[in-house]
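The values are calculated or read from the model by the stated rules, or taken from the named source; none is laboratory data. Treat the numbers as computed from the prediction; the structure is a model and nothing was measured. So basically every Cβ, Gly included, is an ideal-geometry build from the backbone, and we count neighbours across all protein chains shown.
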Amino acid sequence: MNADAISINHYLMLSAVLFAIGVAGVLTRRNAIVVFMCIELMLNSVNLTLCAFSSYLGNSAGQVLVFFVMAVAAAEAAVGLAIVISLFRNKQTVNIDEINILKW
Amino acid sequence: MLFQRNPVMSAMCLIANFFCIASLYLLLKAQFLAVIQVVVYTGAIMVLVVFVIMLLNLGEEQKLSEKLGAAKVLGFALGLGFIAEMAYLFSVSGQNDMALSGQAEMIGSVEGIGSALFGKYLLPFEITSLLLLAAMVGAVILAKKKI
Amino acid sequence: MHQFIGYVIALPLVGFLVNGLLGRRIKSEVIVGAIGSATVGIGFALSCMMFFEMLGALPEDRSHVVTLFRWVGVGALDINIAYQVDQLSILMLLIVTGIGFLIHLYSIGYMHGDPGFWRFFAYLNLFIFAMLNLIMADNFLLMFLGWEGVGLCSYLLIGFWYDRKFEKGTTGDAAKKAFIVNRIGDVGFLIGMFLIFETFGSLKFADVFSHASTLSVGAPIALWITLALFVGATGKSAQIPLFVWLPDAMAGPTPVSALIHAATMVTAGIYMIARCSVLFALAPVTMDIVAGIGALTAIIAASIGLVQNDIKKVLAYSTVSQLGYMFLGLGVGAFSAGLFHVMTHAFFKALLFLGSGSVIHAMHEEQDIRHMGGLRKHMPTTYWTFVAGMIAIAGIFPFSGFFSKDEILWKVFSSGSMLLWVIGLAGAGLTAFYMSRLVALTFEGPPRWDHHSKHPHESPRIMTVPLIILAVLSVVGGFVGIPAALGGSNHIEHWLEPIFDAAQQKLPSAGYHSHTTEYLLMAVSVMIALGGIFLARRWYLEHQNVPESIARRFPRLYSLLMNKYYVDEVYDAAVVRPIVKESDKILWRIVDVGLVDRSVNAVAKLVGWISVRARVIQNGATQSYAAVIVVGVIIIIAMMLGQ
């Protein structure tokens with residue numbers, strides 16, 4: 001390939017940025033579902049990292065792990081959203097700031 | 001997605017994001033993963049999220065920059081801090097002239113992933129199916145009106 | 001046989017536990033008393049067997065150390081629970097177990113009907129256990145364990161009837177006084193132990209004494225060690241200035257007075273000094289102090305005993321006085337003579353106390369001898385045994401007290417201190433006088449009590465048999481120490497010679513005095529004793545107006561003696577009251593409440609303050625938790641990057 005092909009660093013940097021955006025979203029947004037979506041974003045960034053390493057190093061383990069991560073993310077999405085629904089039923093809001101009963 | 005007020009708009013942005021990542025997978029010659037990404041993530045998970053948003057009939061979130069509270073500043077600061085660390089890491093790790101591995105195409109294909117999944121990683125595969133079962137049961141029970 | 005010393009010492013402990021834990025449930029006095037007496041009795045039997053084995057062995061082979069197990073092993077300090085069975089300790093062992101056994105038997109009769117019967121025997125056994133540890137120990141720390149233990153048991157037993165009124169307070173106060181005064185002496189013992197460990201690097205007798213033999217006479221460290229140890233001895237053995245507890249200790253039951261405050265515990269100080277004879281021989285100054293205080297105590301206590309009216313008080317001051325004689329003997333270097341007197345004193349003083357207990361019981365707890373008299377007809381066994389004890393303590397040939405007391409006086413004379421000898425002689429005269437006075441007022445003469453309320457009778461067999469045994473011992477016990485001047489070979493001195501050999505080498509050898517001088521001194525002391533006896537009988541039986549007129553003519557002297565030289569009052573004003581007041585003002589208000597309480601409260605408040613601040617973290621908001629997690633991740637990555 002040509003000399004300035006895309007190196008692995010680019011992928012890694014991209015996934016780091018995506019991760020950081022996800023973190024900022026988790027900490028700032030107040031809607032529980034949006035926070036949830038930011039978490040999915042973080043998971044995706046990790047997936048990207050794994051896949052990049054797998055392709056560049058020729059090891060299939062990374063892609064297999066991505067597969068499992070996706071499966072787990074799906075399961076977690078289902079359960080998490082179910083929790084959000086039951087929360088909404090009890091408190092009529094999904095504003096995270098108001099869900100703070102578990103304190104001292 | 002981060003700065004959208006309407007949650008549905010946030011979901012749309014995220015879907016677009018997922019498509020981009022799928023294309024990146026294709027660049028990495030991981031075809032199977034690209035398709036799975038579109039099918040599972042965008043097709044299932046985000047659909048579920050949009051369903052829930054519609055179901056709860058959420059209104060718009062308050063303006064993000066209404067009160068620049070300490071929490072928001074902290075959140076962004078932490079994100080920036082993280083990026084700064086990563087930048088530092090990359091700057092000191094030196095040039096990396098790695099090219100795509102020759103085997104990338106082989107392991108990225110359906111046959112490659114399939115043989116890995118049903119060969120070396122059979123046990124996690126089966127356990128994941130159990131996990132999905134548990135998640136299904138949990139979700140159903142959690143969302144019921146009366147247990 | 002000497003390996004069984006562990007059993008001898010452990011048995012009383014077992015007796016204490018059995019009687020202490022189960023005694024209340026065992027309703028039968030006979031069983032409780034049997035358990036208590038059997039443990040000591042078996043100990044005595046084993047001790048006799050050990051003694052006979054020792055007799056048959058060569059003098060070099062008589063000393064053994066039986067190690068049971070390791071007690072303390074910290075750094076340079078290595079202490080075992082080990083017992084030294086040698087000539088000195090076997091002597092003390094026989095005395096303690098033998099007389100202890102007799103007193104246990106006596107107590108079965110004396111404490112009959114007392115609701116705390118089982119408690120009494122439990123404490124008595126505990127006392128024997130502690131005393132055995134004291135005399136058999138092979139290191140200072142174990143000896144100190146026994147030392148403290150006997151002090152504790154003394155407290156428990158003096159205050160046995162804890163609510164009874166006694167003089168100005170209760171018996172509990174008397175018990176506390178005994179314990180506290182003992183403790184003051186124990187500080188001296190502790191300081192001595194610290195100095196010994198610092199100087200010799202070990203607390204075992206064998207190590208310390210062999211090392212000490214290399215020191216020279218007059219070494220200053222020996223002076224301090226021996227002074228400190230002697231302070232401990234004055235506390236335990238009731239010498240000036242720490243003798244004030246012994247007369248108050250008479251608040252306890254009479255068998256306690258007999259066992260603890262006549263025969264065993266009070267001799268602990270003398271045993272300790274005898275055991276450390278090498279150290280004391282290295283410090284002539286201390287020896288002089290010991291002899292001086294011994295003589296002084298002897299005569300002062302005797303003078304107080306002249307005018308006391310409580311039968312047990314007379315005997316208590318007599319004990320203090322006789323202990324002074326023992327210290328006098330030790331102080332001039334006559335270690336075996338001092339121990340000889342310990343033995344004979346144990347015989348006759350225990351006898352006298354038990355006899356007085358018999359009298360007290362018969363007179364329904366009456367203890368004032370002015371209200372007694374004429375008991376000779378009603379209690380003949382008690383009378384004759386008491387008389388035997390009186391003659392022994394007065395030092396009349398051939399009773400046991402003669403040999404031991406005379407040995408001491410002879411050694412005092414031949415060491416050159418005429419003053420001490422004169423004081424000793426005077427004390428002997430006073431002893432004879434007040435003992436004879438006691439016998440006369442108690443048993444003879446017209447009865448001064450009410451025939452209708454009191455019916456004195458002889459005590460039961462279990463109380464009189466020990467009296468008889470002790471009386472026989474008081475008569476013949478002196479024959480083991482017949483001096484060479486009278487044709488004997490002074491067995492006891494030769495028996496103990498190997499123990500005191502190291503010390504005798506350091507002492508200046510006594511000058512030669514002929515046997516004639518010795519006969520002369522013996523005759524003088526016997527005559528003075530006889531004079532004292534007959535003078536007392538004349539005054540108190542025939543011419544009762546003489547002592548009363550003397551008392552009237554010297555009223556201040558009389559009240560001085562009657563009030564024990566006001567020592568108690570002086571101590572109270574000079575020491576006790578200031579301490580109590582300062583404790584209240586300073587130690588309690590300022591130190592305890594202000595410092596200690598406040599610092600504890602401050603710690604609590606600090607914890608509260610910190611937790612109020614730290615609570616904020618748990619505010620239930622999920623995003624703040626997430627923020628904390630992210631902060632943690634960033635920090636960790638930074639740390640990893642930094643490396």
Output the residue which, of all residues in the stretch C:247-262 that are within 10 Å of the chain's Cα centre (by Cα) and modelled with pLDDT under 85, is surrounded by the most Cβ atoms within 10 Å (Cβ to Cβ). C:Ala262
When you look at C:Ala38, is it among the small types (Gly, Ala, Ser), under 20 Å from C:Val96 (Cα atoms) and without any contact (Cβ under 8 Å) to a residue 12 or more places away in the chain, yes or no? no
Just to be sure before I move on: is C:Phe230 of a type in the set (A, V, I, L, M, F, W, C) and surrounded by fewer than 20 Cβ atoms within 10 Å (Cβ to Cβ) in the structure I sent? no
Working only within the stretch A:20-38, note down all residues that are buried (at least 22 other Cβ atoms within 10 Å of the Cβ), facing chain B (nearest Cβ under 7 Å) and closer than 21 Å to B:Ala87 by Cβ. A:Ala20, A:Val23, A:Ala24, A:Gly25, A:Leu27
In the stretch B:1-51, which residues are touching a residue at least 40 places away in the same chain (Cβ under 8 Å), crowded, with 18+ Cβ neighbours inside 10 Å and under 24 Å from A:Val79 (Cα atoms)? B:Pro7, B:Ala11, B:Leu33
Quick check on my filter: what residues within the stretch B:12-62 are more than 8 Å from chain A (Cβ to nearest Cβ), of a type outside the set (Asp, Glu) and in a loop (DSSP other than H, G, I, E, B)? B:Asn57, B:Gly59
Six or more apart or on different chains, Cβ under 8 Å: which pairs go from a residue in the stretch C:192-206 that's β-branched (Val, Ile, Thr) to one that's assigned to a helix (DSSP H, G or I) and surrounded by fewer than 20 Cβ atoms within 10 Å (Cβ to Cβ)? Could you list them? C:Thr199/C:Ile221
Do the conditions hold for A:Phe36, that is, is it in contact with a helix residue (DSSP H, G or I) (Cβ under 9 Å, 6 or more places away or on another chain), among the aromatic types (Phe, Trp, Tyr) and farther than 20 Å from B:Ala104 by Cα? yes
Of the conditions (1) charged (D, E, K, R); (2) touching a residue at least 12 places away in the same chain (Cβ under 8 Å); (3) surrounded by 11 or more Cβ atoms within 10 Å (Cβ to Cβ), the single one that C:Glu60 does not satisfy is (3)
I'm told C:Ser210 meets every condition in (1) surrounded by fewer than 21 Cβ atoms within 10 Å (Cβ to Cβ); (2) within 24 Å of C:Val575 (Cβ to Cβ); (3) not charged (D, E, K, R) except one. Can you identify the failing condition by its number? (2)
Return the residues of the stretch B:115-136 that are assigned to a helix (DSSP H, G or I), at pLDDT below 90 and over 22 Å from the mean Cα position of the chain (by Cα); say none if nothing qualifies. B:Ser115, B:Ala116, B:Phe118
Which residues, counting only those in the stretch A:48-93, are polar (S, T, N, Q) and on the phi > 0 side of the Ramachandran plot? A:Gln92
Scan the stretch A:54-96 residue by residue and report those that are more than 7 Å from every other protein chain (Cβ to nearest Cβ), farther than 16 Å from B:Leu131 by Cα and surrounded by fewer than 20 Cβ atoms within 10 Å (Cβ to Cβ). A:Asn59, A:Ala61, A:Leu87, A:Arg89, A:Asn90, A:Lys91, A:Gln92, A:Thr93, A:Asn95
So which residues in the stretch C:296-311 are surrounded by 22 or more Cβ atoms within 10 Å (Cβ to Cβ) and closer than 23 Å to C:Gly373 by Cβ? C:Ile304, C:Gly305, C:Gln308, C:Ile311
Okay, helices (runs of 4 or more DSSP H) sitting entirely in the stretch C:489-579 with 3 or more residues that are within 23 Å of C:Ile300 (Cα to Cα), out of contact with any Cys (no Cβ under 8 Å at 6 or more places or on another chain) and free of Cβ contacts under 8 Å to residues at least 24 places away in the same chain, I get C:545-553, C:555-562
Which condition from (1) touching a Pro at 6+ places or on another chain (Cβ under 6 Å); (2) crowded, with 24+ Cβ neighbours inside 10 Å is the one that C:Ala346 breaks? (1)
Odd one out for C:Phe386 among (1) surrounded by fewer than 24 Cβ atoms within 10 Å (Cβ to Cβ); (2) under 23 Å from C:Gln308 (Cβ atoms): (1)
When you scan the stretch C:603-618, do you find a residue that is within 11 Å of chain A (Cβ to nearest Cβ), surrounded by 12 or more Cβ atoms within 10 Å (Cβ to Cβ) and in contact with an Asp or Glu (Cβ under 7 Å, 6 or more places away or on another chain), even just one? no
Residues located in the stretch C:23-33, provided they are without any contact (Cβ under 8 Å) to a residue 40 or more places away in the chain and part of a helix (DSSP H, G or I): C:Ile31
